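Okay, structure first, notes after.
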Amino acid sequence: MKTVNNRGWFFVIPVVILVAFNALIPMMTVVNYSVQETFGNNVFFWQGLDWFEQILRSDRFQAALGRQFLFTAIILAIEVPLGIAVALCMPRKGFWVPVCLVLMALPMLIPWNVVGSMWNIFALPKIGMLGYFMNDVLGVNYDMTQNRLAAWITIVVMDVWHWTSLVVLLCYAGLVSIPDAYYQAAKIDGASNWAVFRYIQLPKMKTVLTIAILLRFMDSFNIYTEPFVLTGGGPGNSTTLLSIDLVKIALGQFDLGPAAAMSLIYFAITLLVSWIFYTVMTKDDPS
Amino acid sequence: MARVTLKNLRHSYMPDPQGPDDFALKGLDVTWRDGGAYALLGPSGCGKSTLLNIISGLLTPSEGAILFDDEDVTQMTPDERHISQVFQFPVVYDTMTVRNNLAFPLKNRGVAPDRIKARVDEIAEMLEVTEMLDVRASNLSPDNKQKISMGRGLVRDDVNVIMFDEPLTVIDPHLKWKLRSKLKELHQRIKLTMIYVTHDQTEALTFADEVVVMQDGEVVQIGTPVELFERPQHTFVGHFIGSPGMNVLPCDAQGSHAIFEGHKVALEGAVTGHGGEVRLGIRPEHVRIGETGLPAQVIKISDVGRHFVVEVQIGESRLKVIVEGTAPTQGETVNVSFIPEKTRVYRNGWIATEVPK
């Protein structure tokens, strides 16, 4: 006879403790802050949902959210097609495979703040190579510290440089898993290169591409360090993305209540959009 | 549809092949008539897949030529050759429906839509997949996927040759038989030249009118299943075909007799040639246990259902005998005799007895 009891649950305890300390408890602290007001000295006043209402109605939040969506949309629109294209061009066997893989992986190995500083120095007019080249060789007025468009272009190019590799590597993994017979069959069926891409390569890359898009969405939507180091959110507020604004409110102004409310809204949006992405991209999968 | 001719075909995967060992195919001269069903049979690594890829145009041979009827197609792409190939693992376009899968080769060639529909319906009916036409191909079972791969070859009416590269590898045993007879039936209906590559003798012998047995990049024998069984040209064929394979025993040749373990054994005809390694070849089906003959001791008996496979020892040699009815008992001493018309001598592997008049 087998004894039936609930002792198996004890095995889950370590995970519960771990998750509690690294996610649930900090999260609950944020929830706690988001419904209260404090003037210091550890004195709190109940505030209800006022902060949420205030944040959602504020022009500042809406503008930052708009910039955030714009930024994410731009980098996804560039990195995904570019990543697929690069992955398709990479050799599938031979000497160049490891060389390409290492070259691709290099940008991803560099820490965020280093990437920010690198591009900052690189893009500064007069000092940086890119800045010097644009202004003094090409004669284009390019100054990311003064010009909004220049600042935007710089953060977008920086992100593309840093993260396209992720899409490339994931797509490449999908591509190399396609057996040769598929390409041979396509040749025999007289398929064009486009048809091979559309009916063989793209479907086989779909799973990894879903992961790539999700990761890139979440990462770019939560991006902080690189634009903060590069432009500091400027010029003006032009590159102040959600997370930069959030840090300004929380640590700059020390408005813990509104900052907590904003964090939760931010989190909810990220979660919601990720869920929509995932549901849409996997909806016609066979069970 | 076409006759296929291979002229002195050699292929090496190395850039600069030196000796014959560097070649995966060592000089093939074969002609396959239009509308025939052929099998390429051989163990893994014998070069049969290489040959198949050369015929389909996925590989260009190092030397020699391939002719479809009288046209040299050696340098043509698979598309230009109008061939079709079914692979070991079913290849279907996952995101398409069965209908679109079948229509794909026609669409790529710009065939008119109503013609495509007619062809697809016809082929679907032939393959018995009509009710699945609107199912997504990724949801099919392996045997149905393999049917669709086949269908994509059959749907075109400009196909010269259709080739099968071990197409039943991933199919469940009970469906193998079904699919195999379907193939045979299809061949009888549409009379296309078909080449079937396999390492499974049952598949080869049931499918093909003529079987090409290959070993180490060479053709060892081409013949009907009956010829391969009745008169193997090489000990390899004798051993590879048949279950159990032919007994290959050390012996000496003397006139039109063989001396086997000190006994004189009658052969089908006079022995040809001199020297080399001489072997006696006799199929287990052609050995009799009876009142007269060579004294032998029964070592092992296995009941394989329809008959018994009895292993006996004569002197230093062991041979297998197929016994119908009642089997002798283990350890018993019996007399075995060989049917002279089926008893042959092989020299260095190749048959060395004259055909009886």
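Every number in this text was worked out from the coordinates using simple rules, so none of it is lab data. These numbers were taken from a predicted model, which means no experiment stands behind them. Counting neighbours? That spans all protein chains shown, and the Cβs are built from the backbone with ideal geometry, glycine included.
Table for the structure above
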{"read-out": "Calculated SAXS-style log₁₀ I(q)/I(0) at q = 0.09, 0.12 Å⁻¹ - the protein assembly as shown, Debye, Cα scatterers", "value": "-0.93, -1.22"}
{"read-out": "Degrees separating the helix B:142-154 axis from the principal Cα axis of chain B, which is the longest one", "value": "70"}
{"read-out": "B:ILE171 long-range amide H proximity, modeled H, under 5 Å", "value": "none"}
{"read-out": "Rounded tilt (10° steps) of B:98-108 against the dominant C-alpha axis of chain B", "value": "80"}
{"read-out": "Among the listed pairs B:LYS48/B:LYS320; B:LYS191/B:LYS342; B:LYS7/B:LYS184; B:LYS26/B:LYS184; A:LYS93/A:LYS187, those beyond 24 Å (Cα-Cα)", "value": "B:LYS48/B:LYS320; B:LYS191/B:LYS342; B:LYS7/B:LYS184; B:LYS26/B:LYS184"}
{"read-out": "Antiparallel DSSP beta bridges within the protein assembly as shown, percent to nearest 5", "value": "80"}
{"read-out": "Whole-number D in µm² s⁻¹ for the range B:246-351, Kirkwood Cα-pair radius fed into Stokes-Einstein, 10 °C, 1.306 mPa s", "value": "113"}
{"read-out": "Residues A:TRP46, B:TRP32, A:TRP152 arranged by fewest to most Cβ contacts within 10 Å", "value": "A:TRP46, A:TRP152, B:TRP32"}
{"read-out": "Of all DSSP beta bridges in the range B:4-230, antiparallel share, percent nearest 5", "value": "50"}
{"read-out": "Fully extended contour minus Cα-Cα distance, from B:SER317 to B:VAL170, at 0.36 nm per residue", "value": "49.0 nm"}
{"read-out": "Contact order normalised by residue count of the range B:97-191, Cα under 8 Å, 6+ apart, percent", "value": "34"}
{"read-out": "Environment charge at B:LEU319 (Cβ cut-off 15 Å; Lys +1, Arg +1, Asp -1, Glu -1)", "value": "+4"}
{"read-out": "Pair B:GLU131, A:TYR224: separation of 7 Å Cα→Cβ label points (nm)", "value": "6.0"}
{"read-out": "GNM top mover of B:PRO250, B:PRO328, B:PRO142 - chain B, alpha-carbon springs below 10 Å", "value": "B:PRO328"}
{"read-out": "Two-decimal ratio, the range B:19-110, of alpha-carbon radius of gyration to 2.2 N^0.38 Å", "value": "1.29"}
{"read-out": "Highest-fluctuation residue, A:LEU24, A:LEU82, A:LEU56 considered, GNM on chain A with Cα pairs under 10 Å", "value": "A:LEU24"}
{"read-out": "Chain A: most fluctuating residue of A:ASN42, A:ASN222, A:ASN135 per GNM, C-alpha cutoff 10 Å", "value": "A:ASN42"}
{"read-out": "Cα-derived Rg to Rh of the range B:300-357, Kirkwood definition", "value": "1.05"}
{"read-out": "In degrees, nearest ten, helix B:173-190 long axis to first principal axis of chain B (Cα)", "value": "70"}
{"read-out": "Axial C-alpha extent at least 30 Å, average Kyte-Doolittle at least 0.5 - helices from chain A (DSSP)", "value": "A:59-89, A:148-176, A:256-282"}
{"read-out": "Eligible lysines near B:LYS178 by straight Cα distance, threshold 16 Å, same-chain separation 8 or greater", "value": "B:LYS145, B:LYS147"}
{"read-out": "Equivalent-ellipsoid semi-axes of chain A, from the Cα gyration tensor, Å, largest first", "value": "38, 33, 17"}
{"read-out": "Relative exposure of B:HIS286, B:HIS307, B:HIS274, judged by other C-beta atoms within 10 Å (fewest first)", "value": "B:HIS274, B:HIS307, B:HIS286"}
{"read-out": "Local net charge near B:PRO250, Cβ-Cβ under 14 Å (Lys/Arg +1, Asp/Glu -1)", "value": "-1"}
{"read-out": "Sorted by Cβ neighbour density within 10 Å, fewest at the top, the residues A:CYS89, A:CYS100, B:CYS46", "value": "A:CYS89, A:CYS100, B:CYS46"}
